[in-house]
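Where a number appears in this text, it was derived from the coordinates with a stated rule and is not lab data. Keep in mind the model is a prediction, meaning the values are calculated, not measured. Quick reminder, even Gly has a Cβ in these numbers, built from the backbone with ideal geometry, and neighbours come from all protein chains shown.
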Amino acid sequence: MDQQLFFKNLNNLCTSKEIFYFLSSLEVMSDTMASRALQRISEVEVDDNGLKNPALLENEVFRALCFQFEFESSKLSNTGLLDALQALTKLCIDPQSTLMASLLSESKERLDKGQLTAENLCALGESLLELEGPSCAVLEEIVNHLQEKDIERWSPREIAMVYKILQVTVREGKQCQNLLNRLNSVTLRTVSQLSPSFASVILNSLVVLRQTRAVLLVTALCKHSVKHVPYFTDHELVSVLEAFLYFGQNVQIFTEALETHVPKSILTMHPQTVSKVMQYCCKKMILSKPIFDAVAEGFISNADRLTTDQIAAYIIPFGTLNYLPPSASSLFRKLETVLHSRLRHFQPHTLLNLLHSCVLIQRYPINFLPKIFSPYFLQKLQAQPPGLNRVVMSQLTQLFLTVTLECPFYEGPKLLSKYQVKAFPTPHSSPDVHLFKRVKTGLLYLLKKRIYFASEVSTPYFYVVDIEIKLDEEGFVLPAAQLEEVHRRIALCVDGQNRFCAHSHNLLGEEAIKQRHLQLLGYEVVQIPFFEIESLQNTRKMADYLHKKIFPCTYG
């Protein structure tokens, strides 16, 4: 049979039974046809869980094919030899068998003689990675041969495979940056031809190989990934998201593609993939309501099957980005049920992060706080990295302050003073310098003297107030340093973009709880958000805005 007709017929067959029947009808076939038949068998009979039907290995047609490859390996073409090795590797044939030993020996002999093309080298490398793992010494030899080849003519498959091999050899301490530079340059020109699988493999390799200078390639791959979002496997999507996070890529249309894909797939997506999607949103400060609403529904349905780390990964972003989904009551009821049954399985820092995120959005874990404030739990926190550092102690202090201010009915153990901090060091707490300066200039114009307001004021309650103004009983402004006759305190919160979710007017959880607590502590909180003042063009307009905002009763 003509080889091309053979390949066409073979690709239309969907079970090993059909393939064996088809092969038994042929009198003669070339080694490339036979190796392609083995590859087709591996495609239809192997899935993520391995070989579906081990009995096929006893089929007489399959055994006849293997017999030929074992005893005539020296007569095979390079393609026939290496395609057969790849297929048999996927079919989980014993690496110690005489069949595999014969094929591997012949392959290594041809490698030593320099007889293998780039495509052959990639196929051999893929098989060796599968059979012997990253410590295989022959991989370095393959890389040395690859450096001598003409990269310009490589196919997307070969490019992806070389990245995988380099990812392993470089990780083992071998430096191949010259080859990588050439490879990065060629890959940039072929990005549009890459399949979802190859795009994911290359992005993952670029992360492992720390190719932070390949900015053009990374950017092109990230943009190219947008159209593949619905077609990535769970594992591939995780690799792509990790690359976005590692390289700091912000592609709005990628987020939009996730917003379409995740709600449709939430019930079938692997929990680890959902966790990575939420990590991506949290790190990028992206409040995507379609994604968060879908994840909430997914949690309600699947929480009992999640690991403790996955539970935390699903829930913490809701607090960080200060968002309650429509299903909030069911979501937190489910979370409480899970915590009651599995509390002792949580690592101490994971549990603290989870409960702290809940109070940011006014969901109070009253039933679990006695455990958090217990000396035994605090000792466990201290014993495990990162220990009782400033961030951890800030979380404990804020939990304690929350129950003190917002849950007066709580009668459990209190947090000992030695575990409390005097100020909260949050990454977004510092005001935007440019914005802060403009507001202070406007206030000076309004109040005439600098003595009438103080900036970055530490309070006895752990929070730092951006700007504080004191008033007497009649509403007159007092000097900031005055301690007597203070009737009202106004806290100005100068909220730059760093205190909001990305491309949003939604305050982050850490800022929302601060403003809530300042109000409960007796301050009149006046929010000065960036989006209200960025268009004010001069000091007089800023002063006019501040007058209306801070002293509405006397405005006009």
Between Leu478 and residues 5 or more places away or on another chain, which pairs have amide H atoms under 5 Å apart, with H built 1.01 Å from N, and which residues are they?
-> Lys470, Leu471, Asp472
Might you report the magnitude of the Cβ-based charge dipole of the stretch 136-248 about its Cα centre, with Lys and Arg at +1 and Asp and Glu at -1, to the nearest 20 debye?
-> 320
In deg cm²/dmol and to the nearest 500, what is the mean residue ellipticity at 222 nm of the chain if only DSSP H runs of at least 4 residues count, each as -39500 (n - 2.57), divided by the residue total?
-> -18000 deg cm²/dmol
With no solvent and one point per C-alpha, what does the Debye sum give as log10 I(q)/I(0) for the stretch 1-115 at q = 0.10, 0.24 Å⁻¹?
-> -0.28, -1.50
For the stretch 20-26, Karplus couplings with θ = phi - 60° (6.51, -1.76, 1.60), whole Hz, Gly/Pro x | 5, 5, 5, 5, 5, 7, 9
Using the per-residue mean of other Cβ atoms lying within 10 Å as a proxy for protection, in what order, highest first, do the peptides 408-415, 31-38 fall?
-> 31-38, 408-415
Would you mind computing, in nm to one decimal, how far apart the modelled labels at Glu336 and Glu259 are, each placed 7 Å from Cα along Cα→Cβ?
-> 3.2
Rank by packing, highest mean first: peptides 312-321, 389-398, with packing defined as the count of other Cβ atoms within 10 Å averaged across residues.
-> 312-321, 389-398
Computed curve, the stretch 433-550, Cα-only Debye sum without solvent term, log₁₀ I(q)/I(0) at 0.13, 0.20, 0.21 Å⁻¹, is -0.50, -1.18, -1.28
By how many degrees, 0 to 90 and rounded to 10, does the Cα axis of helix 177-190 deviate from the longest principal axis of the chain?
-> 90
Mind listing the long-range amide H neighbours of Val525? Cut-off is under 5 Å, sequence gap 5 or more, other chains count too, H placed in the peptide plane at 1.01 Å from N.
-> Ala491
Most packed first (mean Cβ within 10 Å per residue), the peptides 235-241, 213-219, 115-121 order as 235-241, 115-121, 213-219
How many Å³ per residue does the convex hull of the Cα positions in the chain occupy?
-> 204
Taking each pair of different alpha-carbon atoms in the stretch 98-222 once, compute 1/r for the pair, average those values, and report the inverse of that mean as the Kirkwood hydrodynamic radius in Å to one decimal.
-> 14.8
What residues qualify as long-range amide H neighbours of Ser155, i.e. H under 5 Å apart, gap of 5 or more or another chain, H built at 1.01 Å from N?
-> none
Rounded to whole Hz, the Karplus (6.51, -1.76, 1.60) HN-Hα couplings of the stretch 262-277, x for glycine and proline = 4, x, 6, 10, 4, 7, 10, 5, 5, x, 5, 5, 4, 4, 5, 4
Can you pull a Stokes-Einstein diffusion coefficient for the stretch 388-443 at 4 °C (1.567 mPa s), Rh from Kirkwood over Cα pairs, as a whole number of µm²/s?
-> 95
Subset of Lys371/Lys470; Lys334/Lys380; Lys8/Lys264; Lys422/Lys448; Lys52/Lys284 violating a 31 Å alpha-carbon distance limit | Lys371/Lys470; Lys8/Lys264; Lys422/Lys448; Lys52/Lys284
Which part of the stretch 355-389 falls in the paramagnetic zone of Leu416, meaning amide N under 20 Å from the point 7 Å along Cα-to-beta-carbon?
-> 369-389
Hey, got the Cα dimensions of the stretch 279-378 along the principal axes, in Å, largest first?
-> 40, 25, 21
